[in-house]
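Please read the structure below before turning to the comments.
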Amino acid sequence: MARPLLKKVRGIFEKVQGSGVWWVRWADSGGKIHREKAGTRETAGILYRKRKTEVLQGKKLPECLRKNVLTFGDLAEKVREHARDADYSDRYRAILRQEISKLESWWDERAADSLKPSEIEAKLNEHAKTPATFNRYKATLSLAYRLALKDSLLEVNPARIVGHKKENNARLRYLSEAEEAKLRKTIRDYCPSHEPEFDLALYTGMRRSEQYGLLWHNVDFTTGLITIPRSKHGEVRYVRISSLAKSALQALVRFRKGDDSPVCPGGMTRGGYRDRWFFECVEKAGLLDVIWHSLRHTYISRAIMKGLDIRTVKDLAGHKTITMTDRYAHLAPDYLREAAERAVSPVRTDTKTDTGHFQEQPISRGYVQ
C-alpha cells in the first residue's frame, strides 16, 4: 500500500523520507538560517511557530537551538549496554543483540516517543512468522523503553500496550522407541562417529547450546556431575551423569585435546553442531518434525512416563519454573493410563486371615447385579 502524501508545510521537513523524524528550518532577524531536529511532525509544527514568534518579538534565542531528540537508535544502544553488563548467558546476550538490531533496522532514526502501539503491532505482525517470535520482539522492544523510562528519558512505554500473543506449546515432539531405533540405525549407517553426541543429548536432556559449549574440565566422572557454568537462565546448573551418558562421554574421550577442549568435536563452530549431519539422518530415516531439541523433549517426557515426580523432573531438566515441566505432563498417556488404573485398584488392608496372611478386602462398587 502506497504511503499517503502529506501536505507540505512551510518551514518543516523530513530529512530522511519515511523516517518519521521531522526538522524545522527558519531564519533569525539577521537572515541566518537555522535547522533543528524536532521529532514528530506535530512537534515540528509547534516548534516552527514558536521560533517564528520569538523572532518577531525580538527575543534573544539560546546559543544551542538543536533539541536533543531521543531516537530509537539511542534506545537500541542502551539495550546493547544492558546486555553487556547484565548477568545473562552468552546465548541470551547474542539473541538480545540480534533482536534489537532487527528492531533498529525498522526504526533507527525515528524519535522514540513517536512510535504508536498500533504501528508497533502492525510491524510485528508483518515480520513475525510465529506468535513466539512476535512475543520475543515485543519483549525486547519493551525492555528498550523500560531502560529509557528508568533514566527519565521518556515518559511512556508504547510497547506495553501491545497485546501478548498466545503461543501454542501443546505439541512437544519427542521420539518413540521405534523412532529412536530407526534414527539410531540411520546414524550408524551414515554418520557413525556422531552417535555418542546423539546419545549424550538423549541421555542427559542437555540443551544444544549447553552440550556443544561443554568443555572437558566441566565433566567430573568421580562425582558423576556435568557443570554448566551458565545455563539458559544465566545460572550454574548441574547435570547428573547416568550410566548411559557416561558411556557416551567415554566414547567422546578419544577426541579430547585437553581440559579446555570441547566435549563434542567441532564445538560451537558452524562446522560443528550447526552442520547438516543430524537433519540429513532424520530425513533419511523418514521422520517428520524432528529437530535436535526433540532429543531433550524425549529425555524429559520419558522421565515423566517412567513415574518420576514432576519436581524431580524439573531439577533434572534444569527448568526455571515448575510451569515449564508441567507442559510435558500430557506427553505421558501410557503412564497416566496406568496411574488411572492404580487409582481405582483394590486397596490392601492389614486384616489377617486365620492362617496369618493378609487378605485383600473387596470394594463394593454399587453395580446392579
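The values are calculated or read from the model by the stated rules, or taken from the named source; none is laboratory data. Note that the structure is predicted; figures quoted are calculated from it, not measured. Cβ atoms come from the backbone with ideal geometry, glycine included; neighbour counts cover every protein chain shown.
May I ask you to list the residues in the stretch 22-47 that are modelled with pLDDT under 80 and part of a loop (DSSP other than H, G, I, E, B)?
ASP28, SER29, GLY30, GLY31, LYS32
Here is a check on your reading of the model: is GLU179 charged (D, E, K, R) and surrounded by 13 or more Cβ atoms within 10 Å (Cβ to Cβ)? So that I can check it myself, show each step before the final result.
Values: charged (D, E, K, R): yes; surrounded by 13 or more Cβ atoms within 10 Å (Cβ to Cβ): yes.
Here the answer is yes, as GLU179 does meet what is asked.
Out of ASP74, ASP85, I need the residue that is among the acidic types (Asp, Glu) and within 28 Å of GLU210 (Cα to Cα). Which one? Reasoning before the result, please.
Values: ASP74 fails: within 28 Å of GLU210 (Cα to Cα).
Exactly one residue qualifies, and that residue is ASP85.
Among VAL156, VAL162, which is free of Cβ contacts under 8 Å to residues at least 60 places away in the same chain and touching a Lys or Arg at 6+ places or on another chain (Cβ under 6 Å)? Before the answer, list the steps.
Numbers: VAL156 fails: touching a Lys or Arg at 6+ places or on another chain (Cβ under 6 Å).
Selected residue: VAL162, the only one of VAL156, VAL162 that is free of Cβ contacts under 8 Å to residues at least 60 places away in the same chain and touching a Lys or Arg at 6+ places or on another chain (Cβ under 6 Å).
Select, from TYR212, TYR203, the only residue that is in the same structural domain as ALA285 (by TED's automatic domain parsing), within 20 Å of the chain's Cα centre (by Cα), surrounded by 14 or more Cβ atoms within 10 Å (Cβ to Cβ) and closer than 30 Å to LEU252 by Cα. Break it down into steps so the answer makes sense when it comes.
Numbers: TYR203 fails: within 20 Å of the chain's Cα centre (by Cα).
Just a single option satisfies the conditions, and that option is TYR212.
Just wondering, is there one or more residues in the stretch 185-195 that are of a type in the set (Val, Ile, Thr) and assigned to a helix (DSSP H, G or I)? Can you show your working first?
Kept after step one, since they are of a type in the set (Val, Ile, Thr), are these residues of the stretch 185-195: 186-187.
Subsequent filtering for residues that are assigned to a helix (DSSP H, G or I) retains 186-187.
Yes.
If you go through the stretch 103-124 one residue at a time, how many are within 22 Å of GLU167 (Cβ to Cβ) and in contact with a helix residue (DSSP H, G or I) (Cβ under 7 Å, 6 or more places away or on another chain)?
Result for the stretch 103-124: 5.
Of all the residues that make up the stretch 248-261, how many are more than 15 Å from ALA201 (Cα to Cα) and in contact with a Phe, Trp or Tyr (Cβ under 8 Å, 6 or more places away or on another chain)? Reasoning before the result, please.
Going residue by residue through the stretch 248-261, those that are more than 15 Å from ALA201 (Cα to Cα) are 253-261.
If we keep only those that are in contact with a Phe, Trp or Tyr (Cβ under 8 Å, 6 or more places away or on another chain) too, we end up with 256, 258-261.
Residues in the stretch 248-261 being more than 15 Å from ALA201 (Cα to Cα) and in contact with a Phe, Trp or Tyr (Cβ under 8 Å, 6 or more places away or on another chain): 5 in total.
If a residue must be crowded, with 16+ Cβ neighbours inside 10 Å and touching a residue at least 12 places away in the same chain (Cβ under 8 Å), how many such residues does the stretch 113-141 contain?
Count: 14.
Out of curiosity, is GLU155 touching a Leu at 6+ places or on another chain (Cβ under 8 Å) and modelled with pLDDT under 90?
yes
Condition first: crowded, with 16+ Cβ neighbours inside 10 Å and small (Gly, Ala, Ser). Now tell me which residues in the stretch 143-168 satisfy that.
Selection gives ALA144, ALA148, ALA159.
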